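Heads up, the thing below is written out as C-alpha coordinates.
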Amino acid sequence: MKDIRNIVILTGAGISAESGLATFRGPEGLWEGHRVEDVATPEAFVRDPALVQKFYDERRANLRLVEPNGAHRALARLDSEWPGDLLIVTQNVDDLHERAGAKRVLHMHGELKSAWCLACDGRIPWVGTLSEGQACTDCGVAGRLRPDIVWFGEIPYGMDRIDRALMRADLFVSIGTSGAVYPAAGLVQTARYAGARTLEMNLEPSLGSHFFHESRTGPAGALVPDWVE
Ligand code: BV8
(Lines give C-alpha, C1' and ligand atoms only; values in the text may rest on other atoms or scores of the structure.)
Protein backbone atom coordinates (compact mmCIF):
# COMPACT_ATOMS: atom_id res chain seq x y z
CA MET A 1 0.00 0.00 0.00
CA LYS A 2 2.01 2.92 -1.36
CA ASP A 3 2.31 6.12 0.77
CA ILE A 4 -0.01 4.70 3.41
CA ARG A 5 1.52 5.03 6.85
CA ASN A 6 -1.23 5.21 9.46
CA ILE A 7 -4.26 2.90 9.33
CA VAL A 8 -7.50 2.79 11.35
CA ILE A 9 -9.68 -0.32 10.95
CA LEU A 10 -13.28 -0.46 12.29
CA THR A 11 -14.81 -3.89 12.72
CA GLY A 12 -18.37 -4.95 13.50
CA ALA A 13 -20.31 -8.15 14.08
CA GLY A 14 -19.90 -9.20 10.44
CA ILE A 15 -16.19 -10.00 10.92
CA SER A 16 -17.17 -12.59 13.56
CA ALA A 17 -20.13 -14.03 11.65
CA GLU A 18 -18.02 -16.74 9.92
CA SER A 19 -16.77 -17.77 13.36
CA GLY A 20 -20.38 -18.58 14.24
CA LEU A 21 -21.22 -15.53 16.38
CA ALA A 22 -24.63 -14.05 15.59
CA THR A 23 -24.79 -10.53 14.19
CA PHE A 24 -27.37 -8.09 15.51
CA ARG A 25 -29.57 -7.23 12.60
CA GLY A 26 -29.50 -10.35 10.46
CA PRO A 27 -32.59 -12.60 10.07
CA GLU A 28 -31.50 -14.77 13.02
CA GLY A 29 -29.66 -11.85 14.65
CA LEU A 30 -28.94 -11.50 18.36
CA TRP A 31 -31.54 -8.87 18.77
CA GLU A 32 -34.01 -11.29 17.18
CA GLY A 33 -34.16 -13.08 20.49
CA HIS A 34 -34.55 -9.86 22.41
CA ARG A 35 -35.54 -6.23 21.92
CA VAL A 36 -32.53 -3.94 22.28
CA GLU A 37 -34.42 -1.97 24.89
CA ASP A 38 -34.84 -5.13 26.97
CA VAL A 39 -31.19 -6.18 27.16
CA ALA A 40 -28.79 -3.44 26.02
CA THR A 41 -29.73 -0.27 27.90
CA PRO A 42 -29.03 0.90 31.49
CA GLU A 43 -32.80 1.11 32.01
CA ALA A 44 -33.14 -2.57 31.06
CA PHE A 45 -30.48 -3.47 33.65
CA VAL A 46 -32.38 -1.59 36.38
CA ARG A 47 -35.72 -3.06 35.27
CA ASP A 48 -34.63 -6.70 34.93
CA PRO A 49 -30.97 -7.28 35.91
CA ALA A 50 -31.38 -11.08 35.80
CA LEU A 51 -32.51 -11.02 32.15
CA VAL A 52 -29.64 -8.72 31.14
CA GLN A 53 -27.02 -10.71 33.09
CA LYS A 54 -28.31 -13.94 31.52
CA PHE A 55 -28.15 -12.44 27.98
CA TYR A 56 -24.47 -11.60 28.49
CA ASP A 57 -23.67 -14.76 30.49
CA GLU A 58 -24.83 -16.82 27.48
CA ARG A 59 -22.74 -14.80 25.03
CA ARG A 60 -19.70 -14.92 27.33
CA ALA A 61 -20.03 -18.73 27.64
CA ASN A 62 -20.44 -19.02 23.87
CA LEU A 63 -16.98 -17.48 23.34
CA ARG A 64 -15.44 -20.81 24.40
CA LEU A 65 -17.17 -22.55 21.47
CA VAL A 66 -15.93 -20.32 18.64
CA GLU A 67 -12.56 -19.59 17.02
CA PRO A 68 -11.11 -16.61 15.15
CA ASN A 69 -11.57 -16.84 11.36
CA GLY A 70 -9.35 -15.93 8.42
CA ALA A 71 -10.36 -12.27 8.60
CA HIS A 72 -9.26 -11.97 12.27
CA ARG A 73 -6.02 -13.80 11.48
CA ALA A 74 -5.25 -11.58 8.47
CA LEU A 75 -5.75 -8.42 10.55
CA ALA A 76 -3.53 -9.85 13.31
CA ARG A 77 -0.81 -10.54 10.71
CA LEU A 78 -1.13 -6.97 9.40
CA ASP A 79 -0.98 -5.64 12.98
CA SER A 80 2.21 -7.55 13.73
CA GLU A 81 3.94 -6.55 10.47
CA TRP A 82 2.75 -2.99 9.91
CA PRO A 83 5.55 -0.47 10.71
CA GLY A 84 3.29 2.61 10.92
CA ASP A 85 0.43 3.39 13.27
CA LEU A 86 -2.40 0.84 13.18
CA LEU A 87 -5.49 0.71 15.38
CA ILE A 88 -8.25 -1.90 15.21
CA VAL A 89 -11.33 -0.18 16.64
CA THR A 90 -13.89 -2.91 17.23
CA GLN A 91 -17.56 -2.57 18.06
CA ASN A 92 -17.49 -6.25 18.94
CA VAL A 93 -17.44 -7.42 22.53
CA ASP A 94 -15.94 -10.83 21.64
CA ASP A 95 -12.21 -11.65 22.06
CA LEU A 96 -11.56 -13.03 18.59
CA HIS A 97 -9.18 -10.24 17.46
CA GLU A 98 -6.98 -10.88 20.50
CA ARG A 99 -7.18 -14.66 20.16
CA ALA A 100 -6.02 -14.30 16.54
CA GLY A 101 -2.98 -12.42 17.90
CA ALA A 102 -3.90 -8.78 17.29
CA LYS A 103 -2.38 -6.38 19.83
CA ARG A 104 -3.45 -2.88 18.83
CA VAL A 105 -7.20 -3.38 19.54
CA LEU A 106 -9.67 -0.95 21.14
CA HIS A 107 -13.11 -2.25 22.19
CA MET A 108 -15.24 0.89 21.91
CA HIS A 109 -18.35 -0.96 23.13
CA GLY A 110 -16.68 -2.92 25.92
CA GLU A 111 -15.88 -6.62 26.25
CA LEU A 112 -17.67 -9.78 27.38
CA LYS A 113 -14.50 -10.89 29.20
CA SER A 114 -14.51 -7.88 31.48
CA ALA A 115 -16.84 -6.90 34.37
CA TRP A 116 -17.54 -3.43 35.77
CA CYS A 117 -17.81 -3.12 39.56
CA LEU A 118 -20.34 -0.47 40.50
CA ALA A 119 -18.94 -0.40 44.04
CA CYS A 120 -15.32 0.56 43.20
CA ASP A 121 -15.80 1.53 39.51
CA GLY A 122 -13.04 -0.97 38.61
CA ARG A 123 -12.92 -3.07 35.43
CA ILE A 124 -11.86 -6.65 36.13
CA PRO A 125 -11.21 -9.63 33.85
CA TRP A 126 -14.22 -12.00 33.97
CA VAL A 127 -14.90 -15.31 32.19
CA GLY A 128 -17.74 -16.93 34.14
CA THR A 129 -21.32 -15.85 34.84
CA LEU A 130 -22.26 -12.61 36.59
CA SER A 131 -25.76 -13.58 37.64
CA GLU A 132 -25.07 -15.06 41.09
CA GLY A 133 -24.08 -11.78 42.78
CA GLN A 134 -20.37 -12.62 42.70
CA ALA A 135 -17.83 -10.45 44.57
CA CYS A 136 -15.48 -7.98 42.86
CA THR A 137 -11.89 -9.33 42.83
CA ASP A 138 -10.60 -5.77 43.40
CA CYS A 139 -12.72 -4.43 46.27
CA GLY A 140 -14.41 -7.64 47.49
CA VAL A 141 -17.92 -6.17 47.43
CA ALA A 142 -20.50 -8.72 46.23
CA GLY A 143 -23.51 -8.24 44.02
CA ARG A 144 -22.38 -4.99 42.37
CA LEU A 145 -20.83 -6.36 39.15
CA ARG A 146 -22.37 -5.55 35.73
CA PRO A 147 -21.25 -6.51 32.21
CA ASP A 148 -18.46 -4.15 31.03
CA ILE A 149 -20.51 -3.41 27.89
CA VAL A 150 -21.40 0.03 26.47
CA TRP A 151 -25.21 0.02 26.27
CA PHE A 152 -27.34 2.38 24.22
CA GLY A 153 -27.26 5.83 25.78
CA GLU A 154 -23.84 5.17 27.36
CA ILE A 155 -20.59 6.78 26.22
CA PRO A 156 -18.35 4.53 24.11
CA TYR A 157 -14.82 3.81 25.34
CA GLY A 158 -11.74 5.46 23.84
CA MET A 159 -13.35 8.22 21.77
CA ASP A 160 -10.42 10.62 22.30
CA ARG A 161 -7.89 7.96 21.25
CA ILE A 162 -10.05 7.03 18.25
CA ASP A 163 -10.38 10.65 17.12
CA ARG A 164 -6.62 11.20 17.46
CA ALA A 165 -5.91 8.09 15.36
CA LEU A 166 -8.46 9.16 12.72
CA MET A 167 -6.96 12.66 12.41
CA ARG A 168 -3.58 11.04 11.55
CA ALA A 169 -5.00 8.25 9.37
CA ASP A 170 -4.01 7.81 5.72
CA LEU A 171 -6.42 4.85 5.37
CA PHE A 172 -9.69 3.96 7.12
CA VAL A 173 -11.12 0.48 6.57
CA SER A 174 -14.56 -0.60 7.80
CA ILE A 175 -15.25 -4.35 7.97
CA GLY A 176 -18.54 -6.14 8.73
CA THR A 177 -20.72 -3.41 10.14
CA SER A 178 -24.18 -2.21 9.14
CA GLY A 179 -23.40 1.42 9.96
CA ALA A 180 -26.54 1.52 12.10
CA VAL A 181 -25.06 2.74 15.39
CA TYR A 182 -23.33 6.04 16.24
CA PRO A 183 -20.75 7.31 16.92
CA ALA A 184 -19.11 4.20 15.31
CA ALA A 185 -21.01 4.78 12.07
CA GLY A 186 -19.70 8.34 11.90
CA LEU A 187 -15.99 7.48 12.09
CA VAL A 188 -15.72 7.26 8.29
CA GLN A 189 -16.77 10.92 8.03
CA THR A 190 -14.05 11.98 10.48
CA ALA A 191 -11.55 9.94 8.47
CA ARG A 192 -12.59 11.61 5.23
CA TYR A 193 -12.42 15.03 6.89
CA ALA A 194 -8.84 14.17 7.85
CA GLY A 195 -8.04 13.30 4.23
CA ALA A 196 -7.84 9.51 4.61
CA ARG A 197 -8.68 7.01 1.87
CA THR A 198 -11.75 5.04 2.95
CA LEU A 199 -12.55 1.40 2.10
CA GLU A 200 -15.57 -0.65 3.18
CA MET A 201 -15.71 -4.46 3.12
CA ASN A 202 -19.12 -5.91 3.94
CA LEU A 203 -21.45 -8.71 2.90
CA GLU A 204 -23.76 -6.08 1.43
CA PRO A 205 -23.59 -2.29 1.13
CA SER A 206 -24.02 -0.74 4.60
CA LEU A 207 -26.07 2.31 5.56
CA GLY A 208 -22.89 4.35 5.19
CA SER A 209 -21.50 2.94 1.94
CA HIS A 210 -21.89 6.27 0.17
CA PHE A 211 -19.27 7.77 2.53
CA PHE A 212 -16.57 5.39 1.29
CA HIS A 213 -14.20 5.95 -1.66
CA GLU A 214 -14.33 2.19 -2.29
CA SER A 215 -16.82 -0.50 -1.22
CA ARG A 216 -16.18 -4.25 -1.66
CA THR A 217 -19.02 -6.70 -1.02
CA GLY A 218 -18.51 -10.29 0.05
CA PRO A 219 -17.67 -12.34 3.14
CA ALA A 220 -14.91 -10.90 5.35
CA GLY A 221 -13.24 -14.33 5.46
CA ALA A 222 -12.47 -13.94 1.75
CA LEU A 223 -12.13 -10.17 1.28
CA VAL A 224 -9.88 -9.36 4.26
CA PRO A 225 -7.06 -11.88 3.61
CA ASP A 226 -7.04 -10.79 -0.07
CA TRP A 227 -6.80 -7.14 0.98
CA VAL A 228 -4.07 -7.74 3.57
CA GLU A 229 -1.94 -9.73 1.09
C1 BV8 B 1 -23.86 7.35 22.46
C2 BV8 B 1 -22.81 -3.46 22.82
C3 BV8 B 1 -23.44 9.54 23.28
C4 BV8 B 1 -24.00 -4.20 23.24
C5 BV8 B 1 -23.70 -1.91 21.20
C6 BV8 B 1 -30.57 8.86 16.65
C7 BV8 B 1 -29.67 9.14 15.66
C8 BV8 B 1 -28.32 8.85 15.81
C9 BV8 B 1 -27.86 8.26 17.00
C10 BV8 B 1 -28.78 7.99 17.98
C11 BV8 B 1 -30.13 8.27 17.83
N12 BV8 B 1 -30.77 7.88 18.96
C13 BV8 B 1 -29.85 7.36 19.81
C14 BV8 B 1 -28.64 7.44 19.24
C15 BV8 B 1 -27.37 7.03 19.81
C16 BV8 B 1 -27.24 5.52 19.76
C17 BV8 B 1 -27.48 4.99 18.36
O18 BV8 B 1 -26.64 5.08 17.49
N19 BV8 B 1 -28.67 4.39 18.16
C20 BV8 B 1 -29.00 3.84 16.85
C21 BV8 B 1 -29.76 2.54 17.05
C22 BV8 B 1 -29.77 4.87 16.08
N23 BV8 B 1 -25.86 5.27 20.14
C24 BV8 B 1 -25.54 5.16 21.43
O25 BV8 B 1 -26.34 5.16 22.34
C26 BV8 B 1 -24.05 5.06 21.72
N27 BV8 B 1 -23.72 6.04 22.71
O28 BV8 B 1 -24.30 7.79 21.42
O29 BV8 B 1 -23.45 8.13 23.52
C30 BV8 B 1 -22.06 9.94 22.92
C31 BV8 B 1 -21.61 9.72 21.62
C32 BV8 B 1 -20.32 10.11 21.30
C33 BV8 B 1 -19.50 10.70 22.25
C34 BV8 B 1 -19.99 10.90 23.54
C35 BV8 B 1 -21.26 10.50 23.89
C36 BV8 B 1 -23.69 3.71 22.28
C37 BV8 B 1 -23.96 2.65 21.25
C38 BV8 B 1 -23.39 1.32 21.73
C39 BV8 B 1 -24.49 0.30 21.87
N40 BV8 B 1 -23.88 -1.00 22.13
N41 BV8 B 1 -23.06 -3.05 21.46
C42 BV8 B 1 -23.86 -5.64 22.87
O43 BV8 B 1 -22.96 -6.01 22.09
O44 BV8 B 1 -24.71 -6.38 23.37
S45 BV8 B 1 -24.21 -1.61 19.63
C46 BV8 B 1 -24.15 -3.03 18.65
O47 BV8 B 1 -24.75 -2.70 17.39
C48 BV8 B 1 -22.74 -3.39 18.25
O49 BV8 B 1 -21.79 -3.21 19.25
C50 BV8 B 1 -22.44 -2.53 17.07
O51 BV8 B 1 -21.75 -1.38 17.44
C52 BV8 B 1 -23.77 -2.06 16.63
C53 BV8 B 1 -23.95 -2.30 15.16
O54 BV8 B 1 -23.83 -3.64 14.99
P55 BV8 B 1 -22.89 -4.21 13.81
O56 BV8 B 1 -21.58 -4.57 14.41
O57 BV8 B 1 -22.85 -3.30 12.64
O58 BV8 B 1 -23.70 -5.51 13.47
P59 BV8 B 1 -25.00 -5.59 12.58
O60 BV8 B 1 -25.64 -6.90 12.88
O61 BV8 B 1 -25.80 -4.34 12.71
O62 BV8 B 1 -24.41 -5.62 11.11
C63 BV8 B 1 -23.57 -6.68 10.75
C64 BV8 B 1 -23.07 -6.35 9.35
O65 BV8 B 1 -22.16 -7.37 8.95
C66 BV8 B 1 -24.19 -6.32 8.33
O67 BV8 B 1 -24.04 -5.18 7.51
C68 BV8 B 1 -23.95 -7.60 7.51
O69 BV8 B 1 -24.25 -7.40 6.13
C70 BV8 B 1 -22.47 -7.79 7.65
N71 BV8 B 1 -22.04 -9.19 7.57
C72 BV8 B 1 -22.71 -10.31 7.99
N73 BV8 B 1 -21.96 -11.40 7.72
C74 BV8 B 1 -20.79 -10.96 7.17
C75 BV8 B 1 -20.85 -9.56 7.07
N76 BV8 B 1 -19.85 -8.83 6.54
C77 BV8 B 1 -18.77 -9.49 6.10
N78 BV8 B 1 -18.64 -10.84 6.17
C79 BV8 B 1 -19.63 -11.60 6.68
N80 BV8 B 1 -19.48 -12.95 6.71
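The values are calculated or read from the model by the stated rules, or taken from the named source; none is laboratory data. On a predicted model such as this, the values are computed, not experimentally measured, just so you know. Note that we place each Cβ from the backbone using ideal geometry, even for glycine, and neighbour counts take in every protein chain shown. Quick note on the areas: whole protein, heavy atoms, side chains included, nothing else; ligands and nucleic acids left out. Shrake-Rupley method; radii C 1.70, N 1.55, O 1.52, S 1.80 Å.
Excluding ASN6 itself, calculate the net charge of residues whose Cβ lies under 10 Å from the Cβ of ASN6, where each Lys or Arg counts +1 and each Asp or Glu counts -1.
0
If eta is 1.567 mPa s and T is 4 °C, what Stokes-Einstein diffusion coefficient results for segment 1-157, Kirkwood Rh from Cα pairs, in µm²/s? It would help to have the intermediate numbers written out before the result.
On the way: Rh = 16.7 Å.
Answer from the Stokes-Einstein relation: 78 µm²/s.
GLU98: net charge of surrounding residues, Cβ under 10 Å, Lys/Arg +1, Asp/Glu -1, itself excluded? Don't jump to the answer; show the numbers that get you there.
Details: positive: ARG99, LYS103, LYS113; negative: ASP94, ASP95, GLU111.
That works out to 0.
Taking springs between alpha-carbon atoms closer than 10 angstrom, which of ILE88, ILE149, ILE124 fluctuates most in the Gaussian network model of the chain?
Of the options given, ILE124 has the highest mean-square fluctuation.
For segment 218-227, take each phi angle, set θ = phi - 60°, evaluate the Karplus expression 6.51 cos²θ - 1.76 cosθ + 1.60, and give the result in whole Hz per residue in order, putting x for glycine and proline.
With the stated coefficients, segment 218-227 comes to x, x, 4, x, 9, 5, 5, x, 4, 5 Hz.
Per-residue ellipticity at 222 nm for the chain, helices alone: DSSP H runs ≥ 4 residues times -39500 (n - 2.57), over residue total, nearest 500 deg cm²/dmol?
Taken over the chain, the calculation gives -8000 deg cm²/dmol.
Rounded to the nearest Å, what's the spacing between the alpha carbon centres of segment 96-147 and segment 168-203? Just the number, please.
Comparing the Cα centres of segment 96-147 and segment 168-203, I get a distance of 28 Å.
Based only on Cα atoms, what mean projected area does the convex hull of segment 89-229 have, in nm²? Intermediate results must be reported in sequence, preceding the final value.
Values: hull surface 38.5 nm².
The Cα convex hull of segment 89-229, projected and averaged over all directions, gives 9.6 nm².
For every other residue with a beta carbon closer than 12 angstrom to the beta carbon of VAL173, add +1 if it is Lys or Arg and -1 if Asp or Glu, then tell me the sum. Write down the numbers at each step before the final one.
Numbers: positive: ARG197, ARG216; negative: ASP170, GLU200, GLU214.
Summing Lys/Arg as +1 and Asp/Glu as -1 gives -1.
What is the magnitude of the charge dipole of segment 37-151 about its Cα centre, with +1 placed on the Cβ of each Lys and Arg, -1 on the Cβ of each Asp and Glu, and no other charges, expressed in debye to the nearest 20? Let's see the in-between values first.
Values: 14 positive and 18 negative charges, 51 e Å.
That gives segment 37-151 a dipole magnitude of about 240 debye.
Quote the accessible area belonging to TYR157 in square angstrom, nearest 10, computed with a 1.4 Å probe and with ligands, DNA and RNA left uncounted.
Only protein atoms counted, so the area is about 70 Å².
With charges set only on the Cβ (+1 for Lys and Arg, -1 for Asp and Glu), what does the dipole of segment 82-229 come to about its Cα centre, in debye to the nearest 20? Could you put the intermediate results ahead of the total?
Details: 13 positive and 18 negative charges, 46 e Å.
I would put it at about 220 debye.
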